[in-house]
Amino acid sequence: MRPAQPIEVGGIPVTPFGSMQEAVSEIIRADGSVVPGSWVAINAEKVVRARRDKDVRAVLEQATLRYPDGMSVVWTMRQKGAITTRIPGVDLWLALMTRAGQLGIPVYLVGARPETLDAVQSRLREDFGVSVVGATDGFGFVESDLVDRIQGSGPKIVTVALGSPRQEEFIQRCRAAHPQAFYMGVGGTYDVFAGNVRRAPTWMRNHGLEWLFRLLRHPTRIWRYRSLVRYLAAHVARRL
Ligand code: UDP
């Protein structure tokens, strides 16, 4: 089944998905082949930034698909008649790694601190049976060397944790050199997987309150929530 047509959220086309499984099967087909491309997570902060900054918008538009990572984005899509669930980037990454482990799909990991990346690699190999063909931490690499290394090791999936928009910009350039792979920017996902960062309890996630959990844990990041407030105001006024 093909995914439904994208829905515009603040002028950005975002693809609705009925389930996580549906999203994963758009990337890894039943026969184990990987569909090349790059997916980017869309949340309120990115929508607000893209409205003001055409470089951010261009980065989002150059991805081959945008998925609803934030609950507020899901609300707007539903307001516009879409049937969609939230596809949190962390969960999508984990579901992809699980499939990659089952099917022997080669994976390259980019980003995060060296000790975090070591922990992620070990756990992926030991608990998920993932074939990690290379890993480069996010502090101090030379970009052209890294692109060569990725090309040389032939991954089918490359996941990149460098923070936004740096990870998306890197993906664009790497994809030009090695277009056969699927790319995904994963933000703080490795930190969650390595156990450095706790996720919200299930009941909060199910009620769309993951943002509140993060705010309570890192109150100094409150400035980041200005964009969430702006987004919600536009959502209520149906201006997205
Ligand atoms: N990171 C990195 N190199 C850098 C900056 C960040 O590898 O120069 C990693 C960081 O260790 C973390 C991930 O990028 O694992 C996401 O960082 P952050 O949460 O700050 O970014 P956000 O996703 O919030 O934009």
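Scanning the range 182-226 for residues being under 30 Å from R149 (Cα atoms) and in contact with a Ser or Thr (Cβ under 9 Å, 6 or more places away or on another chain) gives a total of 12. One residue stands out in the range 117-140 among those that are within 16 Å of the ligand (Cβ to nearest atom) and without any contact (Cβ under 8 Å) to a residue 24 or more places away in the chain: the one that is surrounded by the fewest Cβ atoms within 10 Å (Cβ to Cβ), namely G140. I157 meets the stated requirement of being crowded, with 19+ Cβ neighbours inside 10 Å, touching a residue at least 60 places away in the same chain (Cβ under 8 Å) and in contact with a strand residue (DSSP E or B) (Cβ under 8 Å, 6 or more places away or on another chain). Of all residues in the range 91-104 being surrounded by fewer than 21 Cβ atoms within 10 Å (Cβ to Cβ) and among the hydrophobic types (A, V, I, L, M, F, W, C), which is farthest from the ligand (Cβ to nearest atom)? Ranking the qualifying residues of the range 91-104, first place goes to L103.
In the list R217, R205, which residue meets the criterion of being among the basic types (K, R), more than 20 Å from Y67 (Cα to Cα) and surrounded by fewer than 19 Cβ atoms within 10 Å (Cβ to Cβ)? Walk me through how you get there before you give the answer.
On the way: R205 fails: more than 20 Å from Y67 (Cα to Cα).
Going through R217, R205 in turn, the sole match is R217.
Take V107 and tell me if it is of a type in the set (V, I, T), in contact with a Lys or Arg (Cβ under 8 Å, 6 or more places away or on another chain), more than 27 Å from G208 (Cβ to Cβ) and assigned to a helix (DSSP H, G or I). The answer is no for V107. Here Q167 meets the list (1) under 23 Å from T85 (Cβ atoms); (2) buried (at least 19 other Cβ atoms within 10 Å of the Cβ); (3) not small (G, A, S) almost entirely, failing just condition (1). Restricting attention to the range 167-187 and to residues that are within 13 Å of the ligand (Cβ to nearest atom) and not hydrophobic (A, V, I, L, M, F, W, C), the residue that is nearest to the chain's Cα centre (by Cα) turns out to be G185.
Would you mention how many residues in the range 106-116 are near the ligand (Cβ under 10 Å from one of its atoms) and either on the phi < 0 side of the Ramachandran plot or without any contact (Cβ under 8 Å) to a residue 24 or more places away in the chain (or both)?
Of the range 106-116, the ones near the ligand (Cβ under 10 Å from one of its atoms) are 110-114, 116.
Next cut, either on the phi < 0 side of the Ramachandran plot or without any contact (Cβ under 8 Å) to a residue 24 or more places away in the chain (or both) only: 110, 113-114, 116.
Number satisfying all stated conditions: 4.
Within 10 Å of the ligand (Cβ to nearest atom) and either touching a residue at least 60 places away in the same chain (Cβ under 8 Å) or within 30 Å of Y108 (Cβ to Cβ) (or both): is that true of S164 in this structure? Yes.
Values quoted throughout were computed directly from the atomic coordinates according to the rules given, and no laboratory measurement underlies them. The model shown is predicted, which means the values in this text are computed figures rather than measured ones. Ideal geometry is used to build each Cβ from the backbone, glycine not excepted, and the neighbour counts take in all protein chains shown.
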